[in-house]
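Peer 1: This is the structure, below, for whatever I ask next.
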Amino acid sequence: MKHRFFNIKGSRYLKAGKIELAIKYFHKSLALNSNYFEANYNLGFSYHQLGQLDLAVRSYKKAVLINSTFAIKHNNKTLSVIHLFMEGLIPDAIDTLTQLIQQNPKDALLYNMLGGCYTRTNQIDKAIQSYKLALK
């Protein structure tokens with residue numbers, strides 16, 4: 001149960017804008033229970049806020065692997081995209097990402113993920129374009 005305490009403490013720091021401190025507590029939570037969905041998700045969200053996209057995606061992927069049903073229902077549709085990608089439903093992932101980008105045109109993570117989808121489908125020119133947009 002101590003892993004939940006650390007996750008709650010991390011969430012409080014995250015809400016207060018102390019993201020680096022929040023990350024420390026999410027790591028403490030995961031050191032006690034590496035399969036704790038909420039801490040993996042919160043860690044991914046924290047990295048996303050800092051623009052550390054690779055770390056965000058890794059944590060989000062772990063959360064999806066732990067509980068794909070909850071991930072699909074979660075209000076953060078990035079988790080749904082990761083689930084679709086992992087299931088090989090790349091066209092659906094691309095469609096979802098396209099909609100998310102229309103709603104959040106400055107979110108580099110979405111462009112990065114779109115680049116990954118295009119890479120998976122050998123649409124290299126589109127992948128490069130998406131990665132360039134992610135870097136902006």
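Taken together, the values in this text are just the output of simple stated rules run on the coordinates, not laboratory data. From a predicted model like this one, the values you see are computed outputs, not experimental measurements. Cβ: placed from backbone, ideal geometry, glycine included. Neighbour counts: every protein chain shown.
Peer 1: Tell me which lysines have Cα within less than 30 Å of Lys15's Cα, excluding those fewer than 8 residues away on the same chain?
Peer 2: Lys2, Lys24, Lys28, Lys61, Lys62, Lys73, Lys77, Lys106, Lys136
Peer 1: So if each residue of separation counts as 0.36 nm, and I subtract the Cα-Cα distance between Met1 and Arg120, what length gain in nm does that give?
Peer 2: Result for the pair: 38.9 nm of gain on full extension.
Peer 1: Also: Among His3, Ile23, Phe45, pick out the residue whose Cα is farthest towards the positive end of the charge dipole of the range 1-66, where Lys and Arg carry +1 and Asp and Glu carry -1 on C-beta, about the Cα centre.
Peer 2: Among His3, Ile23, Phe45, the one farthest towards the positive end of the dipole of the range 1-66 is His3.
Peer 1: Gaussian network model of the chain, Cα springs within a sub-10 Å range: biggest mean-square fluctuation belongs to which of Ala63, Ala71, Ala16?
Peer 2: Among Ala63, Ala71, Ala16, the largest mean-square fluctuation in the Gaussian network model of the chain belongs to Ala16.
Peer 1: Here's a follow-up. Quick check on the range 1-66: take the gyration tensor over C-alpha atoms, sort the square-rooted eigenvalues as a ≥ b ≥ c, and tell me if it's rounded (a/c under 1.5), prolate or oblate.
Peer 2: Oblate, because a/c is 1.5 or more while a/b does not exceed b/c.
Peer 1: What residue among Thr98, Thr121, Thr78 has the largest mean-square fluctuation in a Gaussian network model of the chain, using Cα springs under 10 Å?
Peer 2: Thr121
Peer 1: Of the labelled options (i) 30, 20, 12; (ii) 28, 16, 11; (iii) 23, 21, 18, which one gives semi-axes √(5λ) of the Cα gyration tensor in Å as computed for this structure?
Peer 2: (ii)
Peer 1: Per DSSP H run of n ≥ 4, the term is -39500 (n - 2.57); total these for the chain, divide by its residue number, and report the mean residue ellipticity at 222 nm rounded to 500 deg cm²/dmol.
Peer 2: Theoretical 222 nm ellipticity from helices: -25500 deg cm²/dmol.
Peer 1: Out of Leu43, Leu53, Leu32, any idea which swings most in a Gaussian network model of the chain, alpha carbons joined below 10 Å?
Peer 2: Judging by the Gaussian network model, the answer is Leu32.
Peer 1: Let me ask another. Loop only per DSSP, at most 16 neighbouring Cβ atoms within 10 Å: give me the GluC sites (Glu not before Pro) in the range 1-94, ordered by residue number.
Peer 2: Glu87
Peer 1: Over the range 42-99, calculate the relative contact order: mean separation of alpha carbon pairs under 8 Å at least 6 apart, over the residue count, as a percent.
Peer 2: Relative contact order comes out at 21 percent.
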